[in-house]
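Below is one structure; the comments refer to it alone.
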Amino acid sequence: MSGRRSRSKQSSVSSITDDQITDLVSKLQHLIPELRRRRFDKVSTSKVLQETCNYIRSLHREVEDLSDRLSQLLASTDSDSDQAAIIRSLLMQ
Amino acid sequence: MDSQHLNPSSLKSRFTARFLRALIKINAQKPISSSSPREIFQRYRRIKVAADKSMAYSVRSRRTWSRATLWKLRSRSRRRLASSGRRSSIKTRTTTTTTTTTTSTNHRAAIVEKTSHEKENKEDHVGLAVQAEELRELVPGGESMDLCNLLDETAHYIKCLTTQVQVMKKIANLYSLE
């Protein structure tokens, strides 16, 4: 692939999606608890991406910890009636 | 205290129902000696897979990341079935998975190449493209997305992960109240 051709194609593509990227990045910023408080500060894109990665990793860890906890809890739960009660209360909220 | 009523068609309720069903199934399968470390680890894995699977199924195939998760889980279970039963078909299965890994590595190589081109153009996008790499590894199916889609998928993925954690926490708390 000729370097010049692909480069010019890329610069036109990236200038079109620049605003899109800024919008998407600010959308991400709102989702991350760490950065939500700094809504009115200018947070650099790089910082948003870094915090996003950290946040996803911490969520993964939480899922693992909760799965671990549930596996221990299930080991000690025997009766079906308890389970039915749990399910009922969860689904009725 | 949430005052939200559970909307039956919401992602949260779809996930909760699916995940609970899976938990009941897992619990029913437990043998008599259910507190050996090995048993607990196996149950941990089954629960974690059930949680991820339930969320991906609740999203269905509307999202690249959910499709990638379901594909990964299905191919993993296919491999397990093959290795436990028919030994002859293992070779064909493993070749299929290796080809897919090569494709994603090629994708990654192509993206890294693009990164070096972009470096010569925009200073801003240098950090972005490099950090996007890290994000690609965390979001299922991220290797083959362009930056826009990656950011969009990430936002949805995070929303679903937080719902997943929220529900799992609630279930764990209810179970531990006994």
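The values are calculated or read from the model by the stated rules, or taken from the named source; none is laboratory data. Model, not experiment: these values are computed from the prediction. Positions of Cβ are generated from backbone atoms using ideal geometry, with glycine treated the same way; all protein chains shown enter the neighbour counts.
Take the range B:138-158 and flag every residue that is in a loop (DSSP other than H, G, I, E, B), touching a residue at least 60 places away in the same chain (Cβ under 8 Å) and over 7 Å from B:W65 (Cβ atoms). Give the steps one after another, and end with the answer.
Going through the range B:138-158, the residues in a loop (DSSP other than H, G, I, E, B) turn out to be B:139-141, B:145-146.
If we keep only those that are touching a residue at least 60 places away in the same chain (Cβ under 8 Å) as well, we get B:139-141, B:145.
Within the range B:138-158, just B:M145 meets the criteria.
For B:T154, are the conditions met, namely being within 14 Å of chain A (Cβ to nearest Cβ) and at pLDDT 50 or above?
Yes: the conditions hold for B:T154.
Across the range B:142-162, what is the number of residues that are of a type in the set (S, T, N, Q), over 13 Å from A:V25 (Cα atoms) and buried (at least 19 other Cβ atoms within 10 Å of the Cβ)? Walk me through how you get there before you give the answer.
Filtering the range B:142-162 for residues of a type in the set (S, T, N, Q) gives B:144, B:149, B:154, B:162.
From what is left, the residues that are over 13 Å from A:V25 (Cα atoms) are B:144, B:162.
The next check asks that each one be buried (at least 19 other Cβ atoms within 10 Å of the Cβ); those that pass are none.
Total meeting the criteria: 0.
Please determine whether any residue of the range B:57-64 is more than 14 Å from chain A (Cβ to nearest Cβ) and either at pLDDT below 80 or out of contact with any helix residue (DSSP H, G or I) (no Cβ under 8 Å at 6 or more places or on another chain) (or both).
Yes, that holds for at least one residue.
Between B:K53, B:K30, B:K91, which is more than 11 Å from chain A (Cβ to nearest Cβ) and at pLDDT below 80?
Working: B:K53 fails: at pLDDT below 80; B:K30 fails: more than 11 Å from chain A (Cβ to nearest Cβ).
The conditions single out B:K91.
If only one of A:D19, A:D23, A:D78, A:D41 is modelled with pLDDT of 70 or more, surrounded by fewer than 17 Cβ atoms within 10 Å (Cβ to Cβ) and not in a helix (DSSP H, G or I), which one is it?
Exactly one residue qualifies, and that residue is A:D41.
With respect to A:V48, is the statement that it is more than 7 Å from chain B (Cβ to nearest Cβ), part of a loop (DSSP other than H, G, I, E, B) and at pLDDT 75 or above true?
No: the conditions fail for A:V48.
Each row is one residue, and each column tells you yes or no for (1) modelled with pLDDT under 80; (2) assigned to a helix (DSSP H, G or I).
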site	(1), (2)
B:S9	yes, no
B:L23	no, yes
B:S34	yes, no
B:V49	no, yes
B:A68	no, yes
B:R87	yes, no
B:T97	yes, yes
B:T103	yes, yes
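May I ask you to verify whether B:V139 is touching a Lys or Arg at 6+ places or on another chain (Cβ under 7 Å), within 9 Å of chain A (Cβ to nearest Cβ) and surrounded by 18 or more Cβ atoms within 10 Å (Cβ to Cβ)?
Here the answer is no, as B:V139 does not meet what is asked.
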